[in-house]
Amino acid sequence: MRLVYSPRYRIDLGRHVFPTRKYPLVHARLIETGVIDPSNVVEPGPAGWDELALVHTQEYLAKMRDGTMSLDDLAQLELPWSAEMVEGFRLMAGGTIQAALIACGLVHDDRTQRPQSAQSHQGVAGSAGFASNVVCHVGGGLHHAFPNHGEGFCPFNDVALAARVLQARGLERIAIVDLDVHHGNGTAFIFESDPRVFTFSMHQQHNYPMWKPRGSLDVGLPDGTDDAGFLRELERTLPTVMAHAPQCVFYLAGADPYEDDQLGGLRLTKEGLRQRDRLVIDAVRRAGVPLVVTLAGGYARRVEDTVAIHVATIHEAAKGAAGES
């Protein structure tokens with residue numbers, strides 16, 4: 001199974017609740033434990049500005065590129081602007097695009113950096129087995145970014161960008177399974193008028209964001225929902241997602257439904273989150289379609305807990321790719 005990752009995902013945000021140091025920690029743990037062989041790690045190139053324009057407005061991209069964000073813009077983004085921040089998240093957006101292209105058989109898997117221009121993307125989806133069609137990205141899941149602004153630690157909507165790239169390459173039906181504790185508001189807004197993309201968000205209802213644009217399927221969970229309640233709802237709703245007959249599934253495997261997350265109010269245990277991952281991975285495996293896993297949020301009081309949850313997600317994906325249950 002391929003893993004997309006760059007050490008440059010660790011971005012200096014100052015004193016911030018978003019622990020970007022989780023990315024190198026997850027990568028290191030995966031290598032140390034043998035879940036991922038170093039030869040299967042792919043380092044991405046950054047998303048080109050032309051690719052970012054598949055989702056984001058030119059005005060917004062100019063402000064991000066030139067550092068002309070207003071104080072209101074920065075307050076909504078909740079990140080300090082710096083060239084390092086912009087380039088780090090541009091690279092992360094490129095990572096999700098790269099993961100999607102590999103999963104769908106649309107790029108040579110030579111472990112080199114991908115082409116950085118949307119115009120260079122050519123080909124059609126491959127028909128390799130599920131093992132070669134599962135790709136995990138140690139990053140991404142930036143689902144709060146809208147076309148004309150960033151929100152909630154999300155400068156660029158990487159999953160929406162990757163979906164647009166796949167559409168440009170001929171894929172007709174895509175599903176996005178967003179199980180972060182927060183509603184995927186930016187993603188839902190971007191695809192609200194596009195029936196080719198099925199957006200599914202299951203989240204804590206009374207939590208950020210205040211405005212939750214309607215997606216294809218939204219399940220708002222009450223505060224304090226535990227493993228049993230979460231898994232019951234997930235088992236009930238996943239068949240509706242897969243009935244869309246997607247040709248690729250993006251899975252935002254947020255660690256923040258965890259019971260000790262600082263920004264979440266659900267009560268899932270680590271084992272409950274692992275069962276969540278298994279349900280999604282098994283559903284996609286049965287359908288035999290490509291799967292792209294991104295990490296999304298995770299703000300546990302102990303960063304080690306967030307890292308352990310993300311590592312378990314990728315371990316489950318690797319087991320699924322190998323045909324293990």
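Of everything in the range 19-58, what is more than 30 Å from F189 (Cα to Cα), open to solvent by less than 60 Å² (accessible area, probe 1.4 Å) and of a type in the set (A, V, I, L, M, F, W, C)? Give them in sequence order.
The answer is V26, A28, L30, I31, V35, I36, V41, V42.
For the range 259-289, give me each residue that is open to solvent by 10 Å² or more (accessible area, probe 1.4 Å) and in a loop (DSSP other than H, G, I, E, B).
E259, D260, Q262, L263, G264, G265, T269, G288, V289
Scan the range 196-208 and give yes if some residue there is surrounded by fewer than 21 Cβ atoms within 10 Å (Cβ to Cβ), touching a Ser or Thr at 6+ places or on another chain (Cβ under 7 Å), under 28 Å from F18 (Cα atoms) and touching a residue at least 24 places away in the same chain (Cβ under 8 Å), otherwise no.
No, there is no match, as no residue in the range 196-208 is surrounded by fewer than 21 Cβ atoms within 10 Å (Cβ to Cβ), touching a Ser or Thr at 6+ places or on another chain (Cβ under 7 Å), under 28 Å from F18 (Cα atoms) and touching a residue at least 24 places away in the same chain (Cβ under 8 Å).
Looking at the range 298-308, can you tell me whether even one residue there is of a type in the set (S, T, N, Q), over 17 Å from L231 (Cα atoms) and surrounded by 18 or more Cβ atoms within 10 Å (Cβ to Cβ)?
Among the residues of the range 298-308, at least one is of a type in the set (S, T, N, Q), over 17 Å from L231 (Cα atoms) and surrounded by 18 or more Cβ atoms within 10 Å (Cβ to Cβ), which makes the answer yes.
Need at least 3 residues that are more than 16 Å from L142 (Cα to Cα) and within 16 Å of the chain's Cα centre (by Cα) per element, so show me which helices (runs of 4 or more DSSP H) inside the range 43-104 make the cut, counting only ones lying wholly within it.
The qualifying helices (runs of 4 or more DSSP H) are 83-103.
Among the residues of the range 97-126 satisfying the criterion of being in contact with a Leu (Cβ under 7 Å, 6 or more places away or on another chain) and modelled with pLDDT of 55 or more, which is most open to solvent (accessible area, probe 1.4 Å)?
The selected residue is V107.
In this structure, is R236 within 20 Å of the chain's Cα centre (by Cα) and surrounded by fewer than 19 Cβ atoms within 10 Å (Cβ to Cβ)?
no
In this structure, does S6 turn out to be farther than 23 Å from V197 by Cβ, open to solvent by less than 10 Å² (accessible area, probe 1.4 Å) and among the polar types (S, T, N, Q)?
yes
Which residue pairs have Cβ atoms under 8 Å apart, sit 6 or more places apart or on different chains, and have a first residue in the range 1-22 that is on the phi > 0 side of the Ramachandran plot and a second that is among the basic types (K, R) and at pLDDT 95 or above?
Every condition considered, no pair remains.
When you scan the range 66-85, how many residues do you find that are open to solvent by less than 30 Å² (accessible area, probe 1.4 Å) and either β-branched (V, I, T) or at pLDDT below 95 (or both)?
Qualifying residue count for the region: 0.
What do you reckon, is S193 of a type in the set (S, T, Y), in contact with a helix residue (DSSP H, G or I) (Cβ under 8 Å, 6 or more places away or on another chain) and either assigned to a loop (DSSP other than H, G, I, E, B) or open to solvent by less than 10 Å² (accessible area, probe 1.4 Å) (or both)?
Taking the combined requirement at face value, the residue does not satisfy it.
Answer yes or no as to whether F230 is within 17 Å of the chain's Cα centre (by Cα) and in a helix (DSSP H, G or I).
For F230, the condition - within 17 Å of the chain's Cα centre (by Cα) and in a helix (DSSP H, G or I) - is not met.
If only one of L166, L179 is open to solvent by less than 40 Å² (accessible area, probe 1.4 Å), touching a Cys at 6+ places or on another chain (Cβ under 9 Å) and within 28 Å of E87 (Cα to Cα), which one is it?
L166
Which one is nearest to A162 (Cα to Cα), of the residues in the range 1-19 that are over 17 Å from the mean Cα position of the chain (by Cα) and among the β-branched types (V, I, T)?
Checking each candidate, the answer is I11.
Take the range 18-42 and flag every residue that is in a loop (DSSP other than H, G, I, E, B) and over 22 Å from G88 (Cα atoms).
T33, G34, V35, I36, D37 - these are the residues of the range 18-42 that are in a loop (DSSP other than H, G, I, E, B) and over 22 Å from G88 (Cα atoms).
For D218, state whether it is open to solvent by 40 Å² or more (accessible area, probe 1.4 Å), more than 21 Å from L161 (Cβ to Cβ) and in contact with a Ser or Thr (Cβ under 6 Å, 6 or more places away or on another chain).
Taking the combined requirement at face value, the residue satisfies it.
Does H143 satisfy the criteria of being buried (at least 24 other Cβ atoms within 10 Å of the Cβ), part of a loop (DSSP other than H, G, I, E, B) and in contact (Cβ under 8 Å) with a residue 60 or more places away in the chain?
Here the answer is yes, as H143 does meet what is asked.
Go through the range 172-190 and count every residue that is touching an Asp or Glu at 6+ places or on another chain (Cβ under 9 Å) and either part of a loop (DSSP other than H, G, I, E, B) or of a type in the set (G, A, S) (or both).
8
The values are calculated or read from the model by the stated rules, or taken from the named source; none is laboratory data. All values derive from a computational prediction rather than experimental measurement. Because the Cβ atoms are built from the backbone with ideal geometry, glycine has one as well, and the counts that use them run over all protein chains shown. These accessible areas exclude ligands, DNA and RNA; they are computed on the full protein's heavy atoms, side chains included. Shrake-Rupley method; radii C 1.70, N 1.55, O 1.52, S 1.80 Å.
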